[in-house]
Structures are given as C-alpha cells and as structure tokens.
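Since the structure comes first, as structure tokens, the remarks are kept for the end.
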Amino acid sequence: MSAAFADFAAAQAFQATQVSYLGRGDVAGLLQACYAPEARLHSFGFRAEGHKAIGRVLEVYLARLSQLGDRTIEKFAAGTDYLWLELSIERPGSSEPVRVYELKFVRDGKIYLQLFGVKQGHLWPATDFASPVLADTALARAFHRRYLRYHEESDADGLADDFFAEDAQLVTGQINVTGREPIRTLFRELFAREADFTPVSVENITSDVDYVWFEATVSSSLGLRQVYDVMLLREGRVCRQLVGQLSGVLPTDAAFGKTAAAHPS
C-alpha cells in the first residue's frame, strides 16, 4: 500500500484542493489536478471511467448541489492513501437533509478510484444517468455470501485465513487494526460477544477487479444495523476493509465501545 499522504494535514490539503476547483466550477482543472487519466468513479447506479465520463458526472453533481443548500462534513477520515467523507446537504423546505458518503483512493498523487454512496434521501434523479454502465453482481454476491457464512458460524480463524491478506487493515468508526493476526483476534473477541447473527437483506452490491462494495442489513444480539462495507482486494484477498454506518450501531462499537480504539492500529 503506497503512501499518498504523509500525514493528516496532507490529506486535508488534497481535499481542500478538490473543493476549491468544485467551488469555481472548474471541472476540467479538477480532473487534471486530482484524477488519474484512468480513474473510476463508481456508484451503485452508474459507473464513470476516465476523465471525460467522470467530468460529465461531476457536472451533474454540481448542478444537483446548486438546487440544494449548505453542506456539512459529518466525517472526514484519512489513511495513507485514502480519504473517507460523509456529508450532510440541506434540502430547501425539508428538515431531512441528503446525506452522502465518498471514499477516494489515491495513488501517485491522483485519485484512481472513487466510490459515491447515498446514506439518506435522493441526489440523483433517474433521468440523470439514463444508460448507466453497471457491473455483473454474481461474483460480488458469492464473495459476500462466503463472508457472511463465517460470521454466521462465528469462525474467526476461517474468516481471517480465507479473506484477509497478511498486512490487511480493518477500519471502522472506532477500530483501526492492521495485520491478519490482530484482525483474527478482533473477530474472536467480537464473535464471543455477539450471538444470533442473521443476514436480513442486501440493499446494494457491486464490485470491480480490485474491490467489493455493498450496503446490507443484519441483526444480532448487538442490534439491527445497516452498514456500507468496502473491501479493497489484492490477489483475491482483502487488503483493506472500511466499514461505515447507515443506521443502527456498528457491531464493533456495540461490543467494545470506546475501548475499541485500544486495538493495534
């Protein structure tokens, strides 16, 4: 995993550069400054790949934002090569904002993969992307079913050995664990505290050659929750897993609370 950002300040500066271009409506400048030529911008409803296609999506995004109100950053997290944001966008005449999330993965100073999801409300009318380019979800669903089976069986060893690279990283709101063995320990402790794990539904799922991404609802003794989960892959194994909350409480937060931060990072 190459380091794109030397520290958190560098990640903040990169994000500020993007916001500055968007604020000026300079989509062409943003693409040249911040996106690799072969960059991908994926959602569950569309896929844009390359500067020209991503530029069209960004222009639509700016048009949609112009119809909405102020934006508030609810979450800004960063690693050595990713940015993770959650935004709340006011809707005129409504007490319920639009809430979105973005994960941007960076290599050689440029975004090579950006995933854009909606937590609440509607940002993209159906007419925005009349002919979306979507992925076949069969492989992603098989991958996800395998992942769930280990949870249903409380099999931390099978999960760690089958899914995670030796240097994998698992990040949630309160967890930042690196290494297969620390991840194994984390899941052993979680499964010891969680019972009756039951998959409820998969609302959205997609994948590409280097990731699987889904939004799903599950229940257990730790409560009902809806999560979004991004797994970056390297040679078929998870090298980074980022888990966010759509509703309810993440199982790690429910099981460990603030003590979760004590796990190795």
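Observations on the structure shown:
- Solvent-accessible area of the chain (1.4 angstrom probe, protein heavy atoms only): carbon and sulfur portion equals 50 percent.
- Spherically averaged projected area in nm², based on the convex hull that wraps the Cα atoms of segment 203-248: 3.4
- An oblate overall shape is assigned to segment 143-235, the ratio a/c of its alpha-carbon gyration tensor axes (a ≥ b ≥ c) being 1.5 or greater and a/b not exceeding b/c.
- Its residue count N fixes a reference of 2.2 N^0.38 Å for segment 1-106, and the Cα radius of gyration divided by that reference is 1.10.
- Straight-line reach from Lys52: taking Cα to Cα under 18 Å and skipping same-chain neighbours fewer than 8 places apart, the aspartates and glutamates in range are Asp26, Glu38, Asp128.
- If the convex hull is drawn through the Cα atoms of the chain, its volume per residue in Å³: 131
- Taken along its principal axes, the alpha carbon cloud of segment 48-114 reaches lengths of 42, 28, 13 Å, longest axis first.
- Accessible area expressed per residue, the chain, with surrounding protein chains retained (probe 1.4 Å, Å²): 46
- Distance from the Cα centroid of segment 148-215 to that of segment 34-48 is 26 Å (rounded to whole angstrom).
The values are calculated or read from the model by the stated rules, or taken from the named source; none is laboratory data. Note that the structure is predicted; figures quoted are calculated from it, not measured. Heavy atoms of the whole protein, side chains included, go into the accessibility calculation; ligands, DNA and RNA do not. Shrake-Rupley method; radii C 1.70, N 1.55, O 1.52, S 1.80 Å.
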